[in-house]
Each structure stands twice: as structure tokens, then as C-alpha cells.
1. Within segment 19-34, is there a residue that is at pLDDT below 90, more than 25 Å from Thr148 (Cβ to Cβ) and over 17 Å from the mean Cα position of the chain (by Cα)?
2. Taking the residues in segment 132-146 that are assigned to a loop (DSSP other than H, G, I, E, B) and in contact with a helix residue (DSSP H, G or I) (Cβ under 6 Å, 6 or more places away or on another chain) as candidates, determine which candidate is surrounded by the most Cβ atoms within 10 Å (Cβ to Cβ).
3. Does Pro186 satisfy being under 20 Å from Leu91 (Cβ atoms), in contact (Cβ under 8 Å) with a residue 40 or more places away in the chain and surrounded by fewer than 17 Cβ atoms within 10 Å (Cβ to Cβ)?
4. In this structure, is Arg229 touching a residue at least 40 places away in the same chain (Cβ under 8 Å), among the basic types (Lys, Arg) and in contact with a Pro (Cβ under 6 Å, 6 or more places away or on another chain)?
5. Considering only segment 190-197, I want to know if a residue exists there that is among the polar types (S, T, N, Q), touching a helix residue (DSSP H, G or I) at 6+ places or on another chain (Cβ under 8 Å) and modelled with pLDDT under 95.
6. Could you list, in sequence order, all residues of segment 283-318 that are over 30 Å from the mean Cα position of the chain (by Cα) and without any contact (Cβ under 8 Å) to a residue 24 or more places away in the chain?
7. Among the residues of segment 60-96, write down those that are assigned to a strand (DSSP E or B) and under 24 Å from Ala21 (Cα atoms).
8. Could you say which residue among Ser81, Ser137 is within 19 Å of the chain's Cα centre (by Cα), among the polar types (S, T, N, Q) and at pLDDT below 95?
Amino acid sequence: MRILLASGERLSGVLVKELLAAGHQIVGVMSPIPKRVMSQQFRGLRYWRKNLRGWDIRDVCVAARIPIRVTENLSEGSIHSMIKQSRPDLLLVFSWPRLIKNETLRLFPRGGMNIHPSLLPQFRGGDPLFFVLDSGSESMGLTFHRITSELDAGPIYLQVPLPQKPTDCYDDLYFRTIQSAAHFLPAALEAQDRNPSGTEQEGEAIYCPKFTTQLTYLNPSAPAVETSRRARACYPHHPMLFQVGRRKFRFKRCLETGVRSQLPNGTILRVGWSSLDVVLDGHVCRLTKVRRSGWAPLWMPLLLLRLRKGKMIAEPTS
């Protein structure tokens, strides 16, 4: 099958490799990320290891001599001309920033297939991984569905539940999702062969709310269990922040100790090298890997950053 891939994920090269291994032909890749921006993304060790395994979309396309085009709008006239010249059978979409218009979908004899990282109709919309973790939902998985004019509402070709661990942070789900998407993609294409119309979604649709930076600020009065979930959902792309005086700090995890306290919410009880014990919602919780926000990633002792026992974490401002 001749496939055109539209993906906003740098590590989606693993999808291309799986399709080529299954005997499909990739006629082109559309990416909304300019090369200069892509080179600055995912510099951490975990991402470097994935690149070393051949997950980087640009490296894979260069090695396989697959043309890659930078655009955010598949409805452009030049993009339509390219599609007509390359004659793809299917449009495969994974994490694309815009709705795809019907006039574009009509250029593909088999239409479009989207890979969505949730069990639709739950968590339609952008960044479902964040809201799966933040809501505490135990329902996690992948949905391969037909693209329609309504957001993430098309008939389903294949749906696969994925495991979720209590300690998972955003990156854990992110890597698991990409690897699973590649693994189950051939089965989804076979399911489309057997049933081109797909199966209509059942149940009440749940939409992801719009992500705002306000979600990353720690509220000392919020339930501690919610703060713990949100910290895992935010890390590492949007680490949670708190403010002491005029200084802002970021942290990785919020761990509940099971100890209750009568002190006011936001009171710092203990200051370690890089962690704090603080009262949140009447419970003593530990914030780990605390560092000054906006500074270079140096592990400076928190005492040198003027954090002391008895200081107060400020309530977030609207």
C-alpha cells in the first residue's frame, strides 16, 4: 500500500520503519516541525537513546530516501499537487495539530486513518496523555480510527488497551504509546482491509480541556492525591511550579507520606538537598528534585537558595 504519513512527533520514525518492514511504501512524510526547531527538541538522555534505536523521523526518512515536507496545513495547493503526483492510497495521521478537511481526504482512495492515544470516545482532543494521568483514569490505550470532519469521532478500525503503572509519568506513557502504535499499526491496516467502514464509536464522548500553564502551579489547598497525579502528568515537559516569596521553583514528584499535620497548608517542614516536606491539604507530602525555575539544571542545595523550614508556599494567582 502507498501511504502518506502526517505526524507532529519527532520520534515517529519508528512508524515508518514498521510500515517499510511490513512491505508498505511511504511516498512522503508531512511534519509541522521545522528542522531548526526539531534539532533543539528532546535533548535528554532518554530521547537520545530512542534516536539511537532509529526512532528519529528525519534520520529514518533520509536513510530510506523518503521525501519530507514541513507544513502545518495539508490543504495548501502545493501540498495537494504533491499528493496527486505521489498517488498515495491512504493518509496516516499521528499527532497532527489541525483538523484535516474533506477536500484533502478525498485525494486518498482509502481515506485517512488517525492514531489516537486514548480509548475513544474517551479523551478526544489534544494531549490526552496528560489528562489520562491528571484525571486518575485507569483507561489507557490506542485507537486507530477513520478520519472524519468531526474531531476524533470517526469509526474505529482497531482499539488496544495499554498497561498503566501507578508510578508512570508523562514520558512513560509517551514512549509506550509510540512503541505500541508501531507494533499494532500493521494489524490496524489489516482491520481496515476487512472492514473499510469501521465500527462506530459507542458511549459518551469525553473531551480533553485546553491545557493552560495555570495547571502547572501547585495549590497547597488542593487534595494531595490530585497534586501527586498532576505532578506525574506534567513531568518532564511542563514540570509543576511553586512560589516562595518572589522565587519560583520546579519539582518532579509529589509523594504522600501518610502523615497528617495541623499546620497551615503550604508550610515547609523540612528542607533537604533537593527535596522538601510540605503541608498540602492537611497532609505532609514530599516534593522531589526541587530546583530553581529558569536556572541551568544544576543541583544546588536548597538551603543555598534560601529555602528554610517554616517558610510558606504561596497560593497560585489566577
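The values are calculated or read from the model by the stated rules, or taken from the named source; none is laboratory data. Just so we're clear, the structure is a prediction, and the values are computed from it rather than from any experiment. Ideal geometry is used to build each Cβ from the backbone, glycine not excepted, and the neighbour counts take in all protein chains shown.
1. Yes; the residues of segment 19-34 include at least one that is at pLDDT below 90, more than 25 Å from Thr148 (Cβ to Cβ) and over 17 Å from the mean Cα position of the chain (by Cα).
2. The selected residue is Met140.
3. Numbers: under 20 Å from Leu91 (Cβ atoms): yes; in contact (Cβ under 8 Å) with a residue 40 or more places away in the chain: yes; surrounded by fewer than 17 Cβ atoms within 10 Å (Cβ to Cβ): yes.
Answer is yes for this residue.
4. Details: touching a residue at least 40 places away in the same chain (Cβ under 8 Å): yes; among the basic types (Lys, Arg): yes; in contact with a Pro (Cβ under 6 Å, 6 or more places away or on another chain): no.
So Arg229 fails the test.
5. Step one: filter segment 190-197 for residues among the polar types (S, T, N, Q), giving 192, 195, 197.
Those left that are additionally touching a helix residue (DSSP H, G or I) at 6+ places or on another chain (Cβ under 8 Å): none.
Taking every residue of segment 190-197 in turn, none turns out to be among the polar types (S, T, N, Q), touching a helix residue (DSSP H, G or I) at 6+ places or on another chain (Cβ under 8 Å) and modelled with pLDDT under 95.
6. Matches in segment 283-318: Leu304 only.
7. Residues satisfying the conditions are Ile68, Arg69, Leu90, Leu91, Leu92, Val93, Phe94.
8. Checking each option against the conditions leaves just Ser137.
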